[in-house]
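The values are calculated or read from the model by the stated rules, or taken from the named source; none is laboratory data. Keep in mind the model is a prediction, meaning the values are calculated, not measured. All Cβ positions, even for glycine, are placed from backbone atoms using ideal geometry, and neighbour counts span all protein chains on display. Calculation scope for accessible area: heavy atoms of the full protein, side chains included, ligands and nucleic acids excluded. Shrake-Rupley method; radii C 1.70, N 1.55, O 1.52, S 1.80 Å.
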Amino acid sequence: MLDLIQTLKNQALHQISACHTNDELEEVRVRYFGKKGEITKLLKKLPIINKSERKIAGQNLNEIKDLLLKEIERKKADIEKEIYQNARFDPTVPGIEPQIGNTHLITCAIDEIYEVFAKLGFSRARYPEVEYDWFAFESLNMGKGHPARDEWETFFVDAPDDKKYGEIVLTPHTSSGQVREMLRRNSTPPIRMINIAKCYRRQISIRHLVMFHQFEGLFIDKGISITHLKGTLDYFAKNFFGEKRKTRLRPFHFRFTEPSFEVDISCGVCNGTGIDKENSKCKLCKSGWLELGGAGMVHPVVLKNGGIDPNKYTGFAFGWGVERTFMMKAGLNIPDIRILYSSDLNYLKQF
Ligand code: DAH
C-alpha cells in the first residue's frame with residue numbers, strides 16, 4: 001500500500017504540473033479525489049488493511065492528500081494569473097473596434113457654407129440665441145404689433161423686459177445679427193458678415209423644425225447695389241451647389257429690405273428645365289427652380305438703427321435655412337426634415 005501511495009503521489013504531482021487549463025486541472029482533481037478517485041479509493045480501503053500497516057498508511061495518505069490539494073490550488077492560481085495576463089497583454093487577440101463618431105451633416109454643411117463666403121471676405125459672426133425684441137424685430141423695421149411679425153412664430157421668454165430693448169425672445173432668424181454687427185463694427189463700413197446660427201420658431205411638421213439653422217449675409221459699403229447681391233449669390237450657387245447652377249431673384253416683400261426678393265436656384269436634378277430624364281415633370285422642383293430664401297437691399301431704417309448713414313452707404317442682405325440648403329445640395333427630397341436630428345445613426349451614416 002505504501003508503495004502504491006508513493007507512486008500515486010508522483011503520478012499526481014506530474015499530472016498537476018502538466019495542466020494548462022482549469023478544466024484539465026479539474027479532471028486531475030476528480031481522478032484522485034472524486035467519488036471513485038484513486039486517493040478516495042485508498043482512503044476507503046484503510047479500515048480493511050492489516051493493523052500494522054494501517055496507521056502509517058493512514059498518515060501517509062492524509063499527508064499526500066493535503067499536499068496534492070494544496071498543489072492543485074497553487075496550480076489553479078498560476079493558471080488564473082496566466083489567463084489574466086494573457087487577457088491584458090495578448091497582442092494576438094483581435095481588438096474591439098471602437099465606434100468612431102463623425103461630424104453631423106448639418107455641421108459639415110455650415111462649415112462648407114462658411115468656406116464659400118470666407119473666400120469673398122465675409123467673416124463669421126455669432127449672436128445670442130436668446131435675444132431682445134429690438135434686435136429681432138424692432139430695429140429691423142417691424143414695430144411692436146406689426147402684423148409682419150406673425151410669420152416668425154416667435155417664442156417669448158418669461159423674463160422681465162429691458163427698458164431699452166424690450167421683451168426677450170428666442171432668436172427667430174439670423175437677421176437679428178444685422179444691427180448687432182453694425183454696432184459691433186462701430187457703425188463703420190465696409191461690413192461683410194456671415195452669421196450662421198440656431199433659430200427657433202413655434203412650428204413643427206415634416207417641413208419645419210422648432211430649432212433650425214440659418215445663415216445670414218450682410219454687406220455694407222459705398223455704392224453697393226443689386227448687381228453685387230446677384231454676383232454674390234451666383235458665386236455661392238456655383239461654389240456650393242456646382243458649376244452649372246444659377247440663381248434668380250423674384251420680387252417679394254420683407255420689412256427690413258427694399259427692394260426685397262426671394263432667391264431661387266436652378267434645380268440640379270433637371271438642370272433648370274423642369275423636365276426630367278423620362279420627359280415628365282421634375283419630381284424635385286416641378287418647375288426648374290427651387291426656392292432658397294430671402295434677400296434684398298438693406299432698408300435705410302435698418303442702416304440708421306445700426307448707426308450708419310443711408311445717404312452714404314448701401315448694403316445687401318440675405319438669409320436662408322441651412323437644412324433646406326443642404327437638402328437641395330444633396331438633391332435630396334427628405335420626406336421628413338425631423339430625421340436630421342433624430343440621432344438615427346443608420347440614417348446619418350449615409351452621408
Ligand atoms: N430673416 C428672413 C426669414 O427668416 C430671411 C431674410 C429675408 C433675410 C431677406 C434677409 C433678407 O437678410 O434680406 O425669413
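Observations on the structure shown:
- Residue list for region 1-29, filter: of a type in the set (A, V, I, L, M) and open to solvent by 70 Å² or more (accessible area, probe 1.4 Å): Leu4
- Candidate set from region 140-170 (those that are over 32 Å from the mean Cα position of the chain (by Cα) and within 13 Å of the ligand (Cβ to nearest atom)); member that is most open to solvent (accessible area, probe 1.4 Å): Asp150
- Where Gly293 falls short, out of the listed (1) open to solvent by 70 Å² or more (accessible area, probe 1.4 Å); (2) within 16 Å of the ligand (Cβ to nearest atom): (1)
- Where Leu292 falls short, out of the listed (1) free of Cβ contacts under 8 Å to residues at least 12 places away in the same chain; (2) in contact with a strand residue (DSSP E or B) (Cβ under 8 Å, 6 or more places away or on another chain): (1)
- Residues of region 236-251 include at least one that is within 16 Å of the ligand (Cβ to nearest atom) and touching a residue at least 60 places away in the same chain (Cβ under 8 Å).
Each row is one residue, and each column tells you yes or no for (1) open to solvent by 60 Å² or more (accessible area, probe 1.4 Å); (2) among the polar types (S, T, N, Q); (3) within 60 Å of the chain's Cα centre (by Cα).
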position	(1), (2), (3)
Ile64	no, no, no
Arg88	yes, no, yes
Thr92	yes, yes, yes
Ile100	yes, no, yes
Ala118	no, no, yes
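- Taking the listed residues Ala148, Ala125, Ala136, Ala118, the one that is at pLDDT below 95 and not basic (Lys, Arg) is Ala148, with no other qualifying.
- Exactly one residue out of Leu218, Leu209 is touching a residue at least 60 places away in the same chain (Cβ under 8 Å) and either touching a Cys at 6+ places or on another chain (Cβ under 6 Å) or farther than 14 Å from Val298 by Cα (or both): that is Leu209.
- Number of residues in region 260-272 that are open to solvent by 10 Å² or more (accessible area, probe 1.4 Å) and within 10 Å of the ligand (Cβ to nearest atom) equals 2.
- Of all residues in region 340-351, those that are open to solvent by 90 Å² or more (accessible area, probe 1.4 Å) have Cβ atoms under 8 Å from Cβ atoms of residues that are at pLDDT 85 or above and not in a loop (DSSP other than H, G, I, E, B), 6 or more apart or on another chain, in Phe351/Leu105; Phe351/Cys108.
- Residue in region 177-189 that is touching a helix residue (DSSP H, G or I) at 6+ places or on another chain (Cβ under 7 Å) and polar (S, T, N, Q) present: yes
- Residue match in region 70-84 (condition: open to solvent by less than 80 Å² (accessible area, probe 1.4 Å), of a type in the set (D, E, K, R), under 60 Å from the mean Cα position of the chain (by Cα) and under 30 Å from Glu216 (Cβ atoms)): no
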